[in-house]
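Notes follow once the structure below has been shown.
The values are calculated or read from the model by the stated rules, or taken from the named source; none is laboratory data. Here the structure is a predicted model, which means the values were calculated and not measured. Neighbour counts are summed over all protein chains in view; Cβ atoms, including those assigned to glycine, are modelled from backbone coordinates with ideal geometry.
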Amino acid sequence: MLKTTITGSLPKPTWLAEPEKLWAAWSTNDPARLEEAKQDAVRLAIRDQEEAGIDIVTDGEQSRQHFVHGVLEKIEGIDFNKKTRIGIRNDRYDADCPTVVSELKRTAPIHADEVAFARAHTDRQLKFTLPGPMTIVDTLADEHYGDRPAMAMAFAEILNQEAKDLVAAGADNIQFDEPAFNVYLDAVPTWGRDALNRAVAGLNCTTAVHICYGYGIEANLQWKATLGDVWNQYEAILPPLAESDIDQVSLEFAGARVPMEVIRLLDGKKDVLVGAIDVTTLTPESPEEVAAVIREALKYTSPDRIYPCTNCGMVPLPRTVSQGKLKALGAGAALVRNEL
């Protein structure tokens, strides 16, 4: 009851990559030394979570520079040397994106070795995160498919194959990250949900979709400032997700203007990863602040449905801040668990 988890990423140590930065360059170009550094970072990330009382741990995404491109770099049909500047997240910001130039193919497992390594270093439930089909499509230029739903379904097939290999390697939970769901609201009930269902088809594990308002970076903060006093994007997308094949839905609540009662839109059909840690602040929450978020969520669904979580990834934060937030998450959940 009230098992804690994080959405995925944790800050990278300075000896692995430049700290407090997205897309940070690796500290070395030597393959053997880089692999050793990644594995050391994974061990630390797992240990930090365990010491903080996190029940369902991740590898901290230590082996990936970016939550989307860590997968895409190993897929054929994408030209990383051909960058196209496009607006992503509905033109929230511009990015130089790799280009899809031919049929997409996964020729071998991508992250199975990383899952196996993490599995060997924890006895707790292990979650691994993958980008969702819609978010992938929104992060690429396309010169081949000419149709976003068709390209999303092609990626969904690949993600399904990859997820099955990750489960075989030891993952207990597979989470698909779909921040694009909060932007393309009209597409979620149609091809967004269809692609997500295809990605989880036949998986013998717990499945989740993570939908937030983004990292605590300036572009996202500026976007949030335009959303008004009530952030109601979840009202449009949670009803169709309640009818999806996914097991859990991960949502942002701490420090957000999202009304907690949106949890009711999942109609008791899904577990809710309740974002109780604000990743945009540099001050760790107190356990009581985390507990207050959890108690509020309990008004709208049962305790067995609630998994206290972080709002989003913490990779841009200082390590000491993320460690404090992890401890607050574990301690805050323990407070409410003891009350219940």
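Among what's in region 297-320 and is free of Cβ contacts under 8 Å to residues at least 40 places away in the same chain and charged (D, E, K, R), pick the residue that is farthest from GLY214 (Cα to Cα).
LYS299
Which count do you get for residues in region 54-67 that are part of a loop (DSSP other than H, G, I, E, B) and surrounded by 21 or more Cβ atoms within 10 Å (Cβ to Cβ)?
Selection size over region 54-67: 9.
How many residues are more than 20 Å from VAL115 (Cα to Cα), part of a loop (DSSP other than H, G, I, E, B) and touching a strand residue (DSSP E or B) at 6+ places or on another chain (Cβ under 8 Å) if we restrict to region 2-50?
5
Could you please tell me which pairs satisfy a Cβ distance under 9 Å, a separation of 6+ or placement on different chains, a first residue in region 321-339 that is among the acidic types (Asp, Glu), and a second residue that is buried (at least 18 other Cβ atoms within 10 Å of the Cβ)?
Listed by first residue and then by second, the contacts come to GLU339/ALA291.
Hey, among ARG257, ARG264, which residue is free of Cβ contacts under 8 Å to residues at least 40 places away in the same chain, within 16 Å of THR310 (Cα to Cα) and touching a Phe, Trp or Tyr at 6+ places or on another chain (Cβ under 6 Å)? So that I can check it myself, show each step before the final result.
Details: ARG264 fails: within 16 Å of THR310 (Cα to Cα).
Sole residue among the options that is free of Cβ contacts under 8 Å to residues at least 40 places away in the same chain, within 16 Å of THR310 (Cα to Cα) and touching a Phe, Trp or Tyr at 6+ places or on another chain (Cβ under 6 Å): ARG257.
So which residues in region 69-99 are part of a loop (DSSP other than H, G, I, E, B) and out of contact with any helix residue (DSSP H, G or I) (no Cβ under 6 Å at 6 or more places or on another chain)? Can you show your working first?
Step one: list which residues in region 69-99 are part of a loop (DSSP other than H, G, I, E, B), which gives 73-75, 89-92.
GLU73, LYS74, ILE75, ARG89, ASN90, ASP91 - these are the residues of region 69-99 that are part of a loop (DSSP other than H, G, I, E, B) and out of contact with any helix residue (DSSP H, G or I) (no Cβ under 6 Å at 6 or more places or on another chain).
Would you say PRO149 is in contact with a Phe, Trp or Tyr (Cβ under 7 Å, 6 or more places away or on another chain) and farther than 15 Å from VAL68 by Cα? It would help to see each step written out before you state the result.
Numbers: in contact with a Phe, Trp or Tyr (Cβ under 7 Å, 6 or more places away or on another chain): yes; farther than 15 Å from VAL68 by Cα: yes.
When the stated conditions are applied, PRO149 passes them.
THR58 - would you say it is modelled with pLDDT of 95 or more and out of contact with any Leu (no Cβ under 8 Å at 6 or more places or on another chain)?
Working: modelled with pLDDT of 95 or more: yes; out of contact with any Leu (no Cβ under 8 Å at 6 or more places or on another chain): no.
So THR58 does not fit the description; no.
What single numbered condition from (1) surrounded by 14 or more Cβ atoms within 10 Å (Cβ to Cβ); (2) at pLDDT below 95; (3) of a type outside the set (A, V, I, L, M) fails to hold for ASN29?
Failing condition for ASN29: (1).
Is it fair to say ASP91 is among the charged types (D, E, K, R) and modelled with pLDDT of 90 or more?
no
Answer yes if at least one residue in region 162-177 is of a type outside the set (Phe, Trp, Tyr), surrounded by fewer than 19 Cβ atoms within 10 Å (Cβ to Cβ), modelled with pLDDT of 95 or more and on the phi > 0 side of the Ramachandran plot, and no otherwise.
Yes: one or more hits.
Which one is nearest to the chain's Cα centre (by Cα) among residues in region 260-291 that are crowded, with 16+ Cβ neighbours inside 10 Å and part of a loop (DSSP other than H, G, I, E, B)?
Going through region 260-291, the residues crowded, with 16+ Cβ neighbours inside 10 Å turn out to be 260, 262-263, 265-266, 270-280, 284-285, 287, 289-291.
This time we only want the ones that are part of a loop (DSSP other than H, G, I, E, B), so: 270, 278-280, 284-285.
Details: LYS270: 17, ASP278: 14, VAL279: 13, THR280: 16, PRO284: 20, GLU285: 21 Å.
My answer is VAL279.
Exactly one condition in (1) surrounded by fewer than 17 Cβ atoms within 10 Å (Cβ to Cβ); (2) more than 19 Å from LEU185 (Cα to Cα); (3) modelled with pLDDT of 95 or more; (4) not aliphatic (A, V, I, L, M) is false for PRO239; which is it?
Result: PRO239 passes all but (2).
Report, by residue number, each residue of region 292-333 that is closer than 29 Å to ASP267 by Cα, in a loop (DSSP other than H, G, I, E, B) and in contact with a strand residue (DSSP E or B) (Cβ under 9 Å, 6 or more places away or on another chain).
Result: LEU298, TYR300, THR301, ASN311, CYS312, GLY313.
Could you tell me which numbered condition GLU103 fails, if it satisfies all but one of (1) over 19 Å from the mean Cα position of the chain (by Cα); (2) within 30 Å of ARG43 (Cα to Cα); (3) surrounded by fewer than 17 Cβ atoms within 10 Å (Cβ to Cβ)?
All conditions are met except number (2).
Restricting to helices (runs of 4 or more DSSP H) lying wholly in region 101-196: which have 1 or more residues that are over 28 Å from GLU252 (Cβ atoms)?
Details: elements: 112-119, 133-137, 148-169.
Passing ranges, in order: 112-119, 148-169.
Quick one: would you say ALA201 is surrounded by 24 or more Cβ atoms within 10 Å (Cβ to Cβ) and under 15 Å from ILE246 (Cβ atoms)? Can you show your working first?
Numbers: surrounded by 24 or more Cβ atoms within 10 Å (Cβ to Cβ): no; under 15 Å from ILE246 (Cβ atoms): yes.
Here the answer is no, as ALA201 does not meet what is asked.
Would you be able to say whether some residue in region 45-53 is at pLDDT below 95, out of contact with any helix residue (DSSP H, G or I) (no Cβ under 8 Å at 6 or more places or on another chain), crowded, with 16+ Cβ neighbours inside 10 Å and under 22 Å from GLY8 (Cβ atoms)?
Applying the first criterion (at pLDDT below 95) to region 45-53 yields none.
No, that holds for no residue.
Taking region 277-328 only, how many residues are farther than 18 Å from LEU22 by Cβ and of a type in the set (A, V, I, L, M, F, W, C)?
The qualifying residues number 12.
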